[in-house]
Amino acid sequence: MGVYLIAFVFFTLDLAKRSADAHAHAAAPVSVGQNAAAASRGTIATLEREAPASSAAPPRRIERAALALTALAWVLHVAGAVLRGLADGHVPWSNMFEFSLVSSAIAVGVFLFLQFWQDLRFLGTYISGFALIVLGVGTVNFYVPVTPLPPALQSYWLIIHVFVATLGTAFFAVGAGLSIVQLLQARREADRVSRLRFLGTMPKAEKLENLAYRVIVVGFVFWTFTLIAGSIWAFHAWGRYWGWDTKEVWTFIIWVLFAGYIHARATRGWRGSRSAWLAIVGFGAVAFNYTIVNLFFKGLHVYSGL
């Protein structure tokens, strides 16, 4: 958590540097021809918004340091999860503390892995902050000592079902982060003012929306498998595929929300802020399922360990 905190500070300083760079770019003198071109489009602020995104530029030193610190924190994070599993004698996701430990590690791992696909360093503040919050809440509120595995969880499906669900959650988390930035970017582009100048160094709202959609589709595939695998495990454990247990219902609600997101965007033309809000609501349902359902609802799936 200490290394994540330093990375969070560095990523935040990078956002401040982006804002300063964008301000300097907007305030720099321009030629008569550039002034005429800007005037023909209505405002010089438009020229600023159309500047190339930082994703096409080489990373700044502070940004490289922040990403390196995140990678270091992730290595320590994974080591902690592995050591917890060795102490348990089984995979370390049988209660809420362990799931907090592993899910945040996988979310950061997905963020780092996605850097090989797209430059998403601008999400560093969001991801490092997300890991800090999940680890902090998990350590302070959900910690339990090492305990034997309950009989219902003594199955190879524990490895498959929960791990794939955690992967889906990680992709949904990244997709929600992209959707949040998309909403901010869309508002900035629509207002034609220079608020939140650091957004001028990030991809445009349309590209952010497309990136979020691709990431969420991957998460949806994992979540679909989670739903199917959970039904199979339920049959082996309790003799029925579906029993309207609270956890089962919320898993299905989450699936419906993201299925609606994909369907509405593909067939109904839901683009822009509507699709972004639906993605955020879907991830909010995931967080609700993990916290409120586990803590305040009773059912066969309550394994908080508290």
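Each reported figure results from applying straightforward, stated rules to the coordinates on display, with no laboratory input. Keep in mind the model is a prediction, meaning the values are calculated, not measured. A quick note on method: Cβ atoms are made from the backbone with ideal geometry, for glycine too, and the neighbour counts reach across all protein chains shown.
Key figures for this structure:
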item: Compactness of region 153-305 - radius of gyration and Dmax, Cα, Å; result: 17.8, 60
item: HN-Hα J in Hz across region 146-151 - Karplus 6.51, -1.76, 1.60, θ = phi - 60°, x for Gly and Pro; result: 4, 9, x, 6, x, x
item: Zone residues, region 86-111, relative to Leu295, backbone N less than 18 Å from point 7 Å out along Cα-to-Cβ; result: 95-104
item: Ala259-Lys17 pseudo-label distance in nm [points 7 Å out on the Cα-to-Cβ vector]; result: 4.6 nm
item: All lysines inside 18 Å of Lys247 as judged from Cα atoms, apart from same-chain residues fewer than 8 positions distant; result: Lys298
item: Val137 versus Arg187: modelled label distance in nm, points set 7 Å from Cα along the beta carbon direction; result: 2.2 nm
item: Cα centre as origin, Lys/Arg/Asp/Glu Cβ charges: region 138-282 dipole, Debye; result: 680 debye
